Amino acid sequence: MSKADLKAGLFLCRCGANIADFVDLERVASVARNRDDVAFVKTHDFLCSVAGKEFLRETLENNIVDNVIIAACSPKMYEKAFQKTVSDAGMNFAKVSMANIREQCGWVTKDKEDATKKAQMLINAAIKRSAHNENLQQQSMDCLTDIIIIGGGIAGMESAIVAANAGRKVTIIEKEISLGGGIIKIEEIAPNMECAPCLLAPRLSAIKEHENITVVTNAEVTDLLGFFGNFTVKVKKKARYVDDSCIGCEACFEACPVSCASDFHLGMGARKAIYTAFPGSVPATAVIDRKQCLHFTDDSCDACVASCPFQSIDFDETDEELEFSGGAVIVATGYDNPDSSLVKHLGYGAIENVYTMPEFERIASSNGPTGGNIQSSNGGKPQSVAVIHCAGSLSKEGIPYCSGICCMTAFKVGEMVRKQSPEAVIYNIHDRLVCSGPQEQAFYQKQVDEGTNMLKVNSLSSIALKKKKEKIEVSADGITSVEVDMVVLSTGLVPAEGTEKLAEMIHADTNSAGFFKADHAILHETGTTVDGINAAGCCIDPCNSATAITRGFAAAGDAIAKLIPGRKLELEMMTAVIDEDICGGCKLCIAVCPYSAITFDPEKKVSVVNEVICRGCGTCAASCPSGAATAKHFTNDQLYAEIEGVLYE
Amino acid sequence: MNNFEPKIVAFVCNWCSYAGADKAGEQKLDYPANVKLIRVMCTGRVDPQFVMRAFRVGADGVMILGCHPGDCHYRNGNMKTLRRFRLFEKMLEQFGINRQRFFLDWVAAGEGKKFQEVTTEMTERVRNLGPLEIKGFVEREVG
């Protein structure tokens with residue numbers, strides 16, 4: 001059948017008086033009835049009502065037409081509902097075109113005569129466009145339903161548990177030697193002072209025992225291939241030199257003659273060359289620090305081998321290259337603490353008893369270097385502590401942004417110090433304070449009530465520290481100088497080391513601060529800019545533990561809701577396609593595609609759209625110089641017909 | 001010239017500006033019936049040939065309205081449109097079409113008022129320019 005012979009059924013909706021009062025529908029109908037390309041014109045009071053849709057369905061069942069034109073409200077309102085009704089009547093849903101004669105015609109045109117003419121043109125355009133309509137079919141593909149999680153902090157762990165409990169196989173890839181991320185180094189979480197190890201322990205144990213979860217530690221991602229529904233993640237698992245028969249009994253720790261600074265204690269405590277991060281770590285397996293171990297440095301020692309009751313030591317172990325497949329990836333790589341150079345101007349590194357917040361957290365932790373005993377370098381309990389807010393933040397030289405969570409942690413210092421030294425004097429020296437919501441505000445008030453001195457400075461840059469005998473003097477514009485035993489610098493959070501590299505590897509964008517850019521800041525905060533790669537925790541932006549966990553939950557929930565065992569992944573229908581017979585291989589489409597959905601087939605020398613990734617924006621179709629790229633349902637023919645249709649009959 | 005009613009085609013993206021036009025409707029913010037909308041999923045879909053075709057088949061003015069920078073539903077299609085049509089505007093004059101007959105702007109889904117304003121202004125601007133006459137590509141409307 002030639003295009004000229006196609007016939008459309010035209011439905012006009014009065015929308016009560018909402019259209020009928022503004023557009024002369026009788027005239028529209030009588031003119032349209034004379035068209036060769038219109039089979040019939042039907043008018044209804046409320047086409048979107050149950051009776052209206054029934055009328056639509058019955059009319060289409062009794063009158064065979066090629067296309068359906070519905071002149072009514074905005075397609076944003078009921079296009080989907082009408083498409084369904086038309087499908088129910090046995091036609092392809094893509095055969096429906098709507099003419100928006102309410103919001104974009106009757107309601108915005110003062111003169112009824114003008115509105116009627118405009119409505120006729122919009123209907124004309126819809127009819128002409130419809131002559132080029134083509135059926136659209138729901139496409140689907142098989143997908144993997146396993147989940148790969150990069151990062152085993154609180155957010156990644158939450159994602160793992162959620163997905164594993166839903167029956168999905170989960171692999172956690174962690175760069176450190178055991179799980180826990182940032183939160184494992186903290187004792188209590190502000191503002192409600194929940195015990196962090198108490199939150200973590202059941203999660204660690206759930207993961208350890210979960211048959212659906214595989215944990216790969218001491219490992220880094222080296223490549224990521226594939227797309228939503230079918231990813232392959234390549235991983236380098238570094239040699240541990242201790243096999244997993246090790247239960248973490250620590251017998252070897254005593255045997256090992258090497259003592260070196262502990263990363264876990266941020267250099268403030270010691271560990272052996274064979275070590276675990278802390279007792280009860282998951283996995284419990286110890287690891288040998290190759291740079292420190294005398295066996296590796298000069299082959300002079302193998303004391304641990306003899307001490308091990310399980311023969312777990314294996315000096316010959318080598319790095320492994322592993323591959324994992326999954327339908328979705330969750331990035332939960334967390335944050336880092338800023339480089340100490342950012343707080344050098346505040347005496348850090350030069351004045352004794354000036355600590356960064358993460359260092360204070362370690363000192364105050366029961367699994368820390370002092371066993372949770374908050375003490376100065378001379379071993380005494382500090383009787384006065386100054387906490388400096390926004391240390392290294394809100395400045396061009398440092399972190400330009402507010403991390404949003406540090407005020408609460410800064411208030412926590414006083415809370416924790418007072419617990420051990422009730423008479424201690426606390427100063428919270430700040431410019432701005434962030435206390436959002438009732439709980440945070442209450443925590444602030446509690447500190448004030450319990451004696452913390454909130455000192456507001458005129459400018460952060462005026463804060464200066466000076467050693468004064470055994471004390472530290474803190475001065476700033478707007479406050480009277482104070483002398484204290486200890487200073488804690490409340491530092492912000494920066495993107496985890498390697499974030500940029502990982503982002504590049506997975507083709508995800510980062511935001512201006514260097515964290516992973518959210519797919520949408522409001523609608524999809526836990527998605528990266530790559531479909532199927534979600535993000536959880538602080539790798540999107542600094543957040544508190546509660547939000548990190550919620551993001552972990554959301555990232556996993558989103559993934560498992562889309563990847564359902566036994567069900568195919570439903571794909572976008574209005575994708576782009578490239579005709580390989582026409583494509584000249586110029587790759588312009590590859591350059592403009594916002595989703596990296598187009599790849600180049602080097603053998604055929606043509607561009608190919610991956611319809612799994614394509615979202616149907618049509619930018620490639622607009623850029624293609626040879627007309628090889630077509631945006632389905634928004635084809636050149638459809639749009640040319642519509643352009644002509646709004647301009648003349 | 002006073003009776004001249006220009007024909008104006010506006011390409012609008014589905015997510016922001018089409019919704020902005022709907023918003024104008026919901027708020028009953030009237031604008032000239034001269035402006036007729038064509039919906040695309042993203043302004044990135046607007047091929048310069050669509051604009052040329054519109055001029056050739058009778059449009060006196062053409063608008064492209066998309067999401068504000070940073071708000072694009074498809075990440076950055078609007079920015080690609082911006083780049084594409086900055087170049088296009090220069091070419092337009094070579095085709096003998098005053099570049100004031102073409103207008104690119106951003107209208108968010110909530111900006112019914114802005115939609116009313118830009119379409120009203122465009123209609124007045126084109127009304128003042130008079131009908132577009134293209135008699136082959138050699139005849140020029142501009143210097």
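The values are calculated or read from the model by the stated rules, or taken from the named source; none is laboratory data. Being a predicted model, the structure only gives us computed values, none of them experimental. As a convention, Cβ positions derive from the backbone with ideal geometry for all residues, glycine included, and neighbour counts pool all protein chains shown. Accessible surface areas use protein heavy atoms only, side chains included; no ligands, DNA or RNA. Shrake-Rupley method; radii C 1.70, N 1.55, O 1.52, S 1.80 Å.
From the convex hull of the Cα coordinates of region A:3-136, what is the mean projected area in square nanometres?
Working: hull surface 28.1 nm².
With every direction weighted equally, the projected area is 7.0 nm².
What's the extension gain from residue A:505 to residue A:401 if we count 0.36 nm per residue and subtract their Cα-Cα distance? All intermediate terms of the calculation are to be shown ahead of the outcome.
Values: separation 104, 0.36 × 104 = 37.44 nm, distance 2.60 nm.
Gain in length upon complete extension: 34.8 nm.
Provide the packing ranking of A:323-333, B:74-84, i.e. peptides ordered by the mean count of other C-beta atoms within 10 Å per residue, highest first. Walk me through the numbers on the way to the answer.
Values: A:323-333: 25.7, B:74-84: 21.5.
The packing order, highest mean first, is A:323-333, B:74-84.
Post the alpha-carbon centroid distance, region B:1-72 to region A:257-314, in whole angstrom.
69
Given Cα positions, please report Rg to Rh for region A:298-370, the hydrodynamic radius being the Kirkwood one. Mind dumping the intermediate values first?
Details: Rg = 21.0 Å, Rh = 18.1 Å.
Using only Cα positions, Rg/Rh for region A:298-370 is 1.16.
What are the ³J(HN,Hα) couplings of region A:625-631, residue after residue, when phi is run through the Karplus curve with 6.51, -1.76, 1.60 and θ = phi - 60°? Round to Hz, x for glycine and proline.
Ordered by residue, 3J(HN,Hα) equals x, 9, x, 7, 8, 10, 9 Hz.
Size of the dipole of the protein assembly as shown about the Cα centre, Lys and Arg at +1 and Asp and Glu at -1 on the beta carbon, nothing else charged, in debye to 20? Let's see the in-between values first.
Values: 83 positive and 101 negative charges, 461 e Å.
Dipole magnitude for the protein assembly as shown comes out near 2220 debye.
How large is ³J(HN,Hα) for each residue in region A:186-193, as worked out from phi by the Karplus curve 6.51 cos²θ - 1.76 cosθ + 1.60 (θ = phi - 60°), to whole Hz, x for Gly and Pro?
10, 8, 10, 10, 6, x, 9, 6
For the charge dipole of region A:251-307, defined by +1 on Lys and Arg C-beta atoms and -1 on Asp and Glu C-beta atoms about the Cα centroid, which residue among A:283, A:293, A:258 has the Cα displaced farthest towards the positive pole?
Highest projection toward the positive end goes to A:283.
How big is D, in µm² s⁻¹, for region A:572-632 by Stokes-Einstein at 25 °C and 0.890 mPa s if Rh is the Kirkwood radius over C-alpha pairs? Mind showing how you got there, number by number?
On the way: Rh = 10.9 Å.
The diffusion coefficient I find is 224 µm²/s.
Hey, got the Cα dimensions of region A:229-374 along the principal axes, in Å, largest first?
Between the extreme Cα coordinates on each principal axis of region A:229-374 lie 48, 46, 29 Å.
With all protein chains present, how much of the accessible area of the protein assembly as shown (probe radius 1.4 Å) comes from carbon and sulfur, to the nearest whole percent?
Numbers: 16640 of 33890 Å².
Reported share for carbon and sulfur atoms: 49 percent.
Once you average over the residues of A:636-646, how many Cβ atoms of partner chains fall within 10 Å of each Cβ?
On the way: counts 4, 0, 0, 11, 6, 0, 8, 14, 5, 3, 12.
Mean partner-chain Cβ count within 10 Å for A:636-646: 6.
Accessible area per residue, 1.4 Å probe, Å², for the protein assembly as shown: what's the number?
The answer is 43 Å² per residue.
In Å, what is the Rg of the alpha-carbon atoms in region A:327-445, and how long is Dmax?
Looking at region A:327-445, its Cα Rg and Dmax stand at 15.8, 56 Å.
Kindly flag which residue pairs out of A:169/A:272; A:291/A:381; A:42/A:76; A:587/B:113; A:53/A:632; A:632/B:80 have an alpha-carbon separation exceeding 30 Å in this structure. Before the final figure, lay out the partial values.
Numbers: A:169/A:272 35 Å; A:291/A:381 35 Å; A:42/A:76 22 Å; A:587/B:113 40 Å; A:53/A:632 26 Å; A:632/B:80 20 Å.
With Cα atoms farther than 30 Å apart: A:169/A:272; A:291/A:381; A:587/B:113.
Mind checking the full-extension length gain between residue A:2 and residue A:140? Use 0.36 nm per residue of separation minus the Cα-Cα distance, one decimal, nm.
Between residue A:2 and residue A:140, full extension yields 46.6 nm more.
Would you grab the residues whose amide H sits under 5 Å from the one on residue B:10? Only those 5+ places off in sequence or on another chain, please, with H modelled 1.01 Å from N.
B:36, B:37, B:38, B:63
Would you mind calculating the gained length between residue A:432 and residue A:481 on full extension (0.36 nm times residue separation, minus the Cα-Cα distance), in nm to one decimal? Mind dumping the intermediate values first?
Values: separation 49, 0.36 × 49 = 17.64 nm, distance 1.85 nm.
Gain in length upon complete extension: 15.8 nm.
For region A:251-307, which semi-axes, largest first and in whole Å, follow from the square roots of 5 times the eigenvalues of its Cα gyration tensor?
18, 14, 9
Take every Cα-Cα distance within chain A, group them into 10 Å bins from 0 onward, and report for each bin the whole-number percent of pairs it holds.
Reading the bins upward from 0: 3, 13, 18, 17, 16, 12, 10, 7, 3, 1, 0.
Hey, what's the Cα Rg ratio for region A:376-525 versus the globular rule of thumb, 2.2 N^0.38 Å? Please list the in-between numbers first.
Values: Rg = 18.1 Å, N = 150, 2.2 N^0.38 = 14.8 Å.
Dividing the Cα radius of gyration by 2.2 N^0.38 Å gives 1.23.
In peptide A:99-105, how many Cβ atoms from other protein chains are near each Cβ within 10 Å, on average?
On the way: counts 0, 6, 0, 3, 11, 13, 4.
For peptide A:99-105, the averaged partner shielding equals 5.
If one computes the Cα centroid of region A:315-364 and of region A:172-211, what distance in Å separates the two points?
15
Would you grab the residues whose amide H sits under 5 Å from the one on residue A:39? Only those 5+ places off in sequence or on another chain, please, with H modelled 1.01 Å from N.
A:8, A:9, A:10
Do me a favour and compute the ellipsoid semi-axes for region B:8-129 from its Cα gyration tensor, root of five times each eigenvalue, largest one first, whole Å.
Working: eigenvalues 89, 67, 23 Å².
Semi-axis lengths for region B:8-129 are 21, 18, 11 Å.
I need the phi-derived Karplus couplings for region B:38-46: 6.51 cos²θ - 1.76 cosθ + 1.60, θ = phi - 60°, integer Hz, Gly and Pro marked x.
10, 8, 10, 5, 9, 4, x, 6, 6
Plugging the Kirkwood radius over Cα pairs into Stokes-Einstein for region A:89-161, at a temperature of 20 °C and a viscosity of 1.002 mPa s, what D comes out in µm²/s?
Values: Rh = 17.1 Å.
Approximately 125 µm²/s, per Stokes-Einstein.
How many angstrom separate the Cα center of region A:454-518 from the Cα center of region A:119-146?
Spelled out, the Cα-based centre of one part sits 54 Å from the other.
Hey, could you get me the Stokes-Einstein D for region A:502-555, Kirkwood radius over alpha-carbon pairs, 37 °C and 0.692 mPa s, rounded to whole µm² s⁻¹?
Numbers: Rh = 10.8 Å.
It comes out at roughly 303 µm²/s.
Treating the beta-carbon of each Lys and Arg as +1 and of each Asp and Glu as -1, no other charges, what is the dipole magnitude of region A:251-307 about its Cα centre, to the nearest 20 debye?
Values: 4 positive and 6 negative charges, 34 e Å.
Using Cβ point charges on Lys, Arg, Asp and Glu, region A:251-307 gives about 160 debye.
Interface size between chain B and chain A, please: total buried accessible area, 1.4 Å probe, rounded to the nearest 100 Å². Present the calculation step by step, with values, prior to reporting the outcome.
Working: alone 7800 and 29880 Å², together 33890 Å².
By this definition, chains B and A bury close to 3800 Å².
What does the convex hull of the Cα atoms come to per residue for region A:121-264, in Å³? It would help to have the intermediate numbers written out before the result.
Details: hull volume 34.5 nm³, N = 144.
So the per-residue Cα hull volume is 239 Å³.
Taking amide hydrogens as modeled 1.01 Å from N in the peptide plane, which residues meet the under 5 Å criterion relative to residue A:425, leaving out close sequence neighbours?
Correct list: A:384, A:385.
Work from the charge dipole of region A:338-492 (Cβ charges, +1 for Lys and Arg, -1 for Asp and Glu, about the Cα centre) and give the residue of A:433, A:405, A:384 farthest towards its positive end.
A:384
Output the Cα-based Rg and Dmax of region A:169-210 in Å, rounding Rg to one decimal and Dmax to a whole number.
Rg and Dmax of region A:169-210, Cα atoms, are 11.8, 35 Å.
So for region A:39-79, what are the equivalent ellipsoid semi-axes in whole Å, largest first, each being the square root of 5 times an eigenvalue of the Cα gyration tensor? Mind dumping the intermediate values first?
On the way: eigenvalues 59, 31, 16 Å².
Over the Cα atoms of region A:39-79, the semi-axes work out to 17, 12, 9 Å.
Among DSSP beta bridges whose residues both lie in the protein assembly as shown, state the antiparallel percentage, nearest 5.
Details: 44 of 109 bridges.
Antiparallel bridges make up about 40 percent of those DSSP assigns within the protein assembly as shown.
So what is the orientation-averaged projected area of region A:1-82, using the convex hull of its C-alpha atoms, in nm²? Don't jump to the answer; show the numbers that get you there.
Numbers: hull surface 22.5 nm².
About 5.6 nm², averaged over all directions.
Over the whole of B:57-70, what's the average partner chain Cβ count within 10 Å per residue? Rounded to a whole number, please. Write down the numbers at each step before the final one.
Details: counts 7, 5, 3, 1, 0, 1, 0, 0, 0, 0, 0, 0, 0, 1.
That average works out to 1.
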